[in-house]
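Every number here is computed from the coordinates shown, using simple stated rules; none is lab data. Computed from a predicted model, the values in this text were never measured in an experiment. Neighbour counts are summed over all protein chains in view; Cβ atoms, including those assigned to glycine, are modelled from backbone coordinates with ideal geometry.
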Amino acid sequence: MITKRIIPCLDIKDGRTVKGINFENIKDAGDPVELAIEYAKQGADELVFLDITATNEKRKTLSELVTRIAKHINIPFTVGGGISSVEDVSILLNSGADKISVNTSAVKNPQLIKDLANQFGSQCVVLAIDTKFEDNDWFVYLNGGRVKTDFKTMDWAKQAVALGAGEILLTSMNNDGTKNGFAIDITKQISEAVNVPVIASGGAGNMQHFKNIFKNGKADAALAASVFHYKEIGIPELKTYLKENNIEIRL
Amino acid sequence: MKVSIVKYNAGNVQSVLFALERIGISATVTDDKEVLTTSDKVIFPGVGEASSAMQYLKSKNLDELIVNLKQPVLGICLGMQLMCKYSEEGNTNCLGIFENHIKLFKGDIKVPQIGWNTIYDLKTNLYEGIKENEYMYFVHSYYAELSEYTIAKTNYGIEYSSSLQKNNFYAAQFHPEKSSDAGQQLLENFIKL
């Protein structure tokens, strides 16, 4: 059986890991490579690195950091943040990234998803969606959650998968940073509506939250940052707990 | 120990190079006929699309070269699929080292399969020290059917070949270079063959 995946996320700014609440109040959280090695040792199934400054400050490549990470860890990892062209992706994949994620640039230019899927294969194209529930529906936000769009999250997810996205990384801005649990409803709706894996993100505070997002939210993977960074949840304990709750997990 | 990685247009080459570095092997990425044929071991990686990869291999005469290699060869992911006879992806006639056909996953499952799945019914020295039902990392939409060459099986909606072997040719559908300690063990085993 294929397992559910536990994915620590490292937000990167100027080559350092950082963490904010609701995308704001950024604090230093350590060296990304050291953290990555530690997570891999603890049994993380995959890692995600998001350059949170990239879109705003138009900073391009993380290629040096990506190469350092790729040299040191033996599990897959995704890199995202400010990726807006086939060339950006080519550089990151050649530096050793396994997958890349696109967000703002894909909304502005959906053709990018198709171009990336054609060139590199859907398996390495992760569509990241920052979503917020308001006015009775889930909407897509851009630029790290600063800019609202009129796109409904469900419509965009379906369109992106049709264009060739191989995975969806869904972050609920209502939940992110709250530690009150993942957004179960929208994750479940998206997971049932598309035929690619869905990674749930935003809101992890305890181990039950992970159980709930897998059992009730139908997520294929769950991503979290601060609970792992600040060692509030240990990955080995979390995975043991999930296994005990009859969730397929790699131990 | 001279280890070469086949250079072509569908490589996850960096990851494989780094994984080999971690076990103390400095490999060469090349499409040079002389270098490939005189290597002790050859790795044929691959992430991408079958028909364009085959077209490229043919244009460089790498197709003939690969099937005639005499030393241990390890195909990974698309590399393994290209070593089979035929792939549904782009209706592609492949290298034909293994008789297997490559088919698209169907049914009530997510495609591509992305993530960790178990391998079982392990055979040959490639799996020395790797336990039954070990987890490996998979990313693929197409699979190889079971056959007499199957040396590891995996189930994803259907039971299929996650690894194949015939004479000096070995292949894995999963990514040993991304499969943590067990994947590293497999690479070490391959280097020792």
Completion exercise
Listed by chain and number, the residues whose amide H is under 5 Å from that of A:L50, excluding neighbours fewer than 5 places away on the same chain and using placed H, are A:L10, A:D11, A:I12, A:G80
Practice task
In debye, nearest 20, what is the charge dipole magnitude of the protein assembly as shown about its Cα centre with +1 on Lys and Arg Cβ and -1 on Asp and Glu Cβ, if you could check?
Solution key: 140
Fill in the blank from the handout: About its Cα centre, chain A carries a charge dipole, from +1 on Lys and Arg Cβ atoms and -1 on Asp and Glu Cβ atoms, whose size in debye to the nearest 20 is 240
Completion exercise
Quick shape summary for the stretch A:37-146, equivalent ellipsoid via Cα gyration tensor, semi-axes whole Å in descending order, reads 24, 17, 13
Exercise for the section: Find the relative contact order for chain B and round it to a whole percent, using C-alpha pairs within less than 8 Å whose residues are 6+ positions apart. Expected result: 19
Practice task
Can you check what the Kirkwood hydrodynamic radius comes to for the stretch A:126-169, Cα pairs only, in Å to one decimal?
Solution key: 10.6
Handout entry: Computed label-point distance, nm, for sites B:M1 and A:K108 using a 7 Å Cα→Cβ extension
Key = 4.8
Handout entry: Value of relative contact order over the stretch B:10-71, rounded to a whole percent, pairs C-alpha under 8 Å and six or more apart
Key = 42
Practice task
Let me know the mean shielding of A:118-125 by other chains, meaning the per-residue number of their Cβ atoms within 10 Å of its Cβ.
Solution key: 5
Practice task
Calculate the mean, over all residues of peptide B:43-52, of how many other protein chain Cβ atoms lie within 10 angstrom of the residue's Cβ.
Solution key: 2
Handout entry: the stretch A:5-244 - Debye-derived log10 I(q)/I(0), Cα point model, q = 0.08, 0.12, 0.18 Å⁻¹
Key = -0.25, -0.59, -1.51
Completion exercise
Interchain or sequence-distant (5+) residues whose placed amide H lies within less than 5 Å of the amide H of B:N100 are B:K85
Problem - Gap separating the Cα centres of the stretch A:76-132 and the stretch B:1-75, nearest whole Å - result: 26
Practice task
Determine one quarter of the surface area of the Cα convex hull of the stretch B:84-163, which equals its mean projected area, and express it in nm² to one decimal.
Solution key: 5.3
Fill in the blank from the handout: Toy charge model, Lys and Arg Cβ at +1, Asp and Glu Cβ at -1: chain B dipole around Cα centroid in debye, rounded to 20, equals 200
Practice task
Kyte-Doolittle cut-off -0.5, length cut-off 18 Å along the helix's own axis using Cα: show which whole DSSP H helices in chain B pass.
Solution key: B:180-192
Problem - Kirkwood Rh and Cα Rg combined as Rg over Rh, evaluated for the stretch A:187-232 - result: 1.01
Handout entry: Paired Rg and Dmax values of chain B, which use every Cα atom, in angstrom
Key = 15.1, 47
Handout entry: the protein assembly as shown - Debye-derived log10 I(q)/I(0), Cα point model, q = 0.12 Å⁻¹
Key = -0.96
Handout entry: Shielding by partners, peptide A:65-75 (average Cβ within 10 angstrom, other chains)
Key = 4
Handout entry: Residue pairs, from the table A:K71/A:K231; A:K211/B:K110; A:K4/A:K243; A:K13/A:K114; A:K158/A:K188, whose Cα atoms sit over 22 Å apart
Key = A:K71/A:K231; A:K13/A:K114
Completion exercise
1/(1 + (r/R0)^6) with r = Cβ-Cβ of B:N155 and A:D14, R0 = 51 Å, i.e. FRET efficiency to nearest 0.05, evaluates to 0.70
Practice task
Take every DSSP beta bridge with both residues inside the stretch A:5-244 and express the antiparallel ones as a percent of the total, to the nearest 5.
Solution key: 35
Exercise for the section: Before anything else, pin down the relative contact order of chain A: Cα pairs under 8 Å, at least 6 apart, normalised by residue count, whole percent. Expected result: 18
Exercise for the section: Among B:Y8, B:Y120, B:F98, flag the residue with its Cα farthest along the positive direction of the charge dipole of chain B, charges on Cβ as +1 for Lys/Arg and -1 for Asp/Glu. Expected result: B:Y8
Completion exercise
What helix-only [θ] at 222 nm does chain A give? Using -39500 (n - 2.57) per DSSP H run of at least 4, over all residues, to the nearest 500, the answer is -10500 deg cm²/dmol
